[in-house]
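The values are calculated or read from the model by the stated rules, or taken from the named source; none is laboratory data. On a predicted model such as this, the values are computed, not experimentally measured, just so you know. In this analysis, Cβ positions are derived from the backbone assuming ideal geometry, glycine residues included, and neighbour counts consider all displayed protein chains. Accessible surface areas use protein heavy atoms only, side chains included; no ligands, DNA or RNA. Shrake-Rupley method; radii C 1.70, N 1.55, O 1.52, S 1.80 Å.
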Amino acid sequence: MPAGTTSFYFRTRKALMHAIAERMAELDAADLSVLSELAKDTTTGYAGTAGLARLVMMSSSEPYLTRSRARYELVLQLSREPELAEAFVQFAAGFYSLAREVITQWYGEDTEPDPGVVEEQAVVLLTFINGVMMSFVIGAPVVSDAEQLDRWIQAILGGTPQPDRDSPDSR
């Protein structure tokens, strides 16, 4: 590509970064929408923890690996350009919502899980998934396939939440 092509469309580096973030947000929103629909149908293989594991494993290969790498690069820019965060808020909220749905499904139809526990488990699970995805990005995967990842996710969810030692209720 000729040197001036990028600057013709994006006059500054900041404008280019914003365009990349917006495009990634569009792609991520479309993917999450499709995957959320697939997760509702138990016959697709994308329901429950196994579906979440498959979704995460997609980020270990192309074209999703390149997008994951770009996402982490952009996230590092957030401390210097906070307005970039807007592009990621929708993706983060969608992924968080999907995690809460998966956790609620994991408990089964006969159990109404405590919303506070679901929230805590979603945070723990997404923190873990972020680490798994980072391992893909740096080229040192810690998990080899969706079945292994599903076992780990189920182990996380199967753990008993501990009370917050600093909360008034736990004293």
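Taking the numbered list (1) surrounded by 16 or more Cβ atoms within 10 Å (Cβ to Cβ); (2) in a loop (DSSP other than H, G, I, E, B); (3) at pLDDT 80 or above in turn, Trp106 passes all entries but (2).
Here's a check for you: in the stretch 22-53, which residue that is charged (D, E, K, R) and at pLDDT 75 or above is least open to solvent (accessible area, probe 1.4 Å)? Among those residues, the one meeting the criterion is Asp28. Scanning the stretch 6-21 for residues that are surrounded by 13 or more Cβ atoms within 10 Å (Cβ to Cβ), of a type outside the set (Gly, Ala, Ser) and either at pLDDT 80 or above or outside any helix (DSSP H, G or I) (or both) yields a count of 6. Within the bounds of the stretch 102-117, is there any residue that is within 15 Å of the chain's Cα centre (by Cα) and more than 24 Å from Glu22 (Cβ to Cβ)? Within the stretch 102-117 (the criterion being within 15 Å of the chain's Cα centre (by Cα) and more than 24 Å from Glu22 (Cβ to Cβ)), the answer is yes, since at least one residue qualifies. Any chance the stretch 95-108 includes a residue that's hydrophobic (A, V, I, L, M, F, W, C) and free of Cβ contacts under 8 Å to residues at least 24 places away in the same chain? No - not one qualifying residue is present in the stretch 95-108.
One line per residue, one yes/no per condition, for (1) at pLDDT 95 or above; (2) outside any helix (DSSP H, G or I); (3) surrounded by 12 or more Cβ atoms within 10 Å (Cβ to Cβ); (4) not aromatic (Phe, Trp, Tyr):
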site	(1), (2), (3), (4)
Glu112	no, yes, no, yes
Gln121	no, no, yes, yes
Val124	no, no, yes, yes
Phe136	yes, no, yes, no
Gly139	yes, yes, no, yes
Val143	yes, yes, yes, yes
Glu147	no, no, yes, yes
Ala155	no, no, no, yes
Gln162	no, yes, no, yes
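Pairs are defined by a Cβ separation below 8 Å, a sequence spacing of at least 6 or placement on different chains, a first member in the stretch 132-158 that is more than 22 Å from Ile103 (Cα to Cα), and a second member that is part of a helix (DSSP H, G or I) and open to solvent by 80 Å² or more (accessible area, probe 1.4 Å); the pairs so defined are Val137/Arg69. Of the listed requirements (1) under 16 Å from the mean Cα position of the chain (by Cα); (2) aliphatic (A, V, I, L, M); (3) open to solvent by less than 30 Å² (accessible area, probe 1.4 Å); (4) modelled with pLDDT under 90, Val89 misses just one: (3). When Leu74, Leu78 are checked against the criterion of being open to solvent by less than 40 Å² (accessible area, probe 1.4 Å), touching a Phe, Trp or Tyr at 6+ places or on another chain (Cβ under 9 Å) and not charged (D, E, K, R), a single residue qualifies: Leu74.
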